[in-house]
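Step one of this worksheet: look at the structure below.
The values are calculated or read from the model by the stated rules, or taken from the named source; none is laboratory data. Computed from a predicted model, the values in this text were never measured in an experiment. Note that each Cβ is placed from the backbone with ideal geometry, even for glycine, and that neighbours are counted across all protein chains shown.
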Amino acid sequence: MTKTHAIAAPSPGAPLERTTIDRRELRGDDVRIDIAFAGICHSDLHQAKEDWGSAIFPMVPGHEIAGVVSAVGDGVTKYQVGDRVGVGCMVDSCGECEYCEAGTEQFCVKGNVQTYNGVGFDGENTYGGYSQQVVVKDAFVCKIPEGIGLDVAAPLLCAGITTYSPLHHWGAGPGKKVAVVGLGGLGHLAVKIAAAMGAEVTVLSQSLKKQEDGLRLGAKHYYATSDENTFKELRATFDVILNTVSAKLPIDSYLSMLRVGGAMVNVGAPGEPLAYNAFSLIGGNKVLAGSSIGGIAETQEMLAFCAEHKIGAEIEVIPADKVNEAYDRVENSDVRYRFVIDTATIGQ
């Protein structure tokens, strides 16, 4: 084992604190990464507070990891020391089931191994990217192309693929009208990516306070959903509505804005069930769908797309001693649009 500096939640809801953790020695198919930046995802807060069920403590959060390869196992040929790489939400899967063989490891029948708050097939707990080093199986490492800074690339490993995957799957592109619900950590990247795909993008937000940002990021239109006229004006307008917020919404009202055959896709995870009238779907052959992250191949595809179109997250880089403050600000939606930890400061 090799010790490395990290930031951990010692118990549910407790303030995060500096610590040291053990990383395994390199196996033949392992890559050791010196982490440069780690994004803070809202799911980190949920898991550190044990909002989503029993969790493993002490917990080192972080599944938006960007850094540089510092060592590789004897059997690794894809990566070499000095490569710029990233790690997202999972670090292993069975590799044998139909979904793994199809490149959709996120749906592994045995369950993919989460980057943190998980247990590997070796029985060891996983610890995430709020640390200075991580050791990951080479098949779950992605190359970060030149042209994207490691700081703005880190959030792409979760927020980027979470929005790219459904936009790609549901055909966002030239001639399509796409609405993005919410302009936050997920939503701002959804706007950038959908616009780069060639779609006409509209932001649907509670208010107009971020309108200037939305238009700057690539949206053509921006509407406040607090205005009842919005739903009337935009009736039967969109081919795709991507819902990025974790709040209870009037689903029927949003479905009314879809064209015939359109799809509303949820990537947000509200704490309460979403209710809708079946006729809101039946009446227009509409689809109400959900989407997870993408597989490793699609994540690599997303990174190449973002490099080609010069897309990175809008970030605020923070030192290690500001993590708890950042958690409070994320809770209060006081970030535009993603916090990224400078991991060099963890050991200071």
Count of residues meeting criterion [more than 14 Å from Cys41 (Cβ to Cβ) and either at pLDDT below 95 or touching a helix residue (DSSP H, G or I) at 6+ places or on another chain (Cβ under 6 Å) (or both)] in region 307-316: 4
I'm trying to understand the selection: among the residues of region 318-348, which are β-branched (Val, Ile, Thr) and either surrounded by fewer than 14 Cβ atoms within 10 Å (Cβ to Cβ) or over 17 Å from Cys41 (Cβ atoms) (or both)? Thr345, Ile346
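Select from region 27-62 the residues that are touching an Asp or Glu at 6+ places or on another chain (Cβ under 8 Å) and not in a strand (DSSP E or B) and write down the one among them that is surrounded by the fewest Cβ atoms within 10 Å (Cβ to Cβ).
Applying the first criterion (touching an Asp or Glu at 6+ places or on another chain (Cβ under 8 Å)) to region 27-62 yields 28-31, 36-41, 45, 61-62.
Retained after the next criterion (residues that are not in a strand (DSSP E or B)): 28-29, 40-41, 45, 61-62.
On the way: Gly28: 10, Asp29: 17, Ile40: 28, Cys41: 26, Leu45: 18, Pro61: 30, Gly62: 29.
The residue in question is Gly28.
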Regarding Lys232, is this residue among the basic types (Lys, Arg) and crowded, with 22+ Cβ neighbours inside 10 Å? no
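Suppose we filter Val119, Val76, Val72, Val81 for residues that are of a type in the set (Val, Ile, Thr) and within 24 Å of Ile161 (Cα to Cα); which single one remains?
Values: Val76 fails: within 24 Å of Ile161 (Cα to Cα); Val72 fails: within 24 Å of Ile161 (Cα to Cα); Val81 fails: within 24 Å of Ile161 (Cα to Cα).
Answer to the selection: Val119.
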Any residue in region 1-20 that's buried (at least 19 other Cβ atoms within 10 Å of the Cβ): show its pairings with residues that are of a type in the set (S, T, N, Q) and part of a loop (DSSP other than H, G, I, E, B) at Cβ separation under 7 Å, as long as the two are six or more apart or on different chains. Thr4/Gln132; His5/Gln132
Of the residues Val201, Val191, only one is buried (at least 24 other Cβ atoms within 10 Å of the Cβ), assigned to a helix (DSSP H, G or I), of a type in the set (Val, Ile, Thr) and outside the structural domain of Val87 (by TED's automatic domain parsing); which? Val191
Count, please, the residues in region 309-338 that happen to be in contact (Cβ under 8 Å) with a residue 60 or more places away in the chain and among the charged types (D, E, K, R). 5
Given the conditions (1) within 16 Å of Ile293 (Cβ to Cβ); (2) in a loop (DSSP other than H, G, I, E, B), report the number of the one that Gly173 does not fulfil. (1)
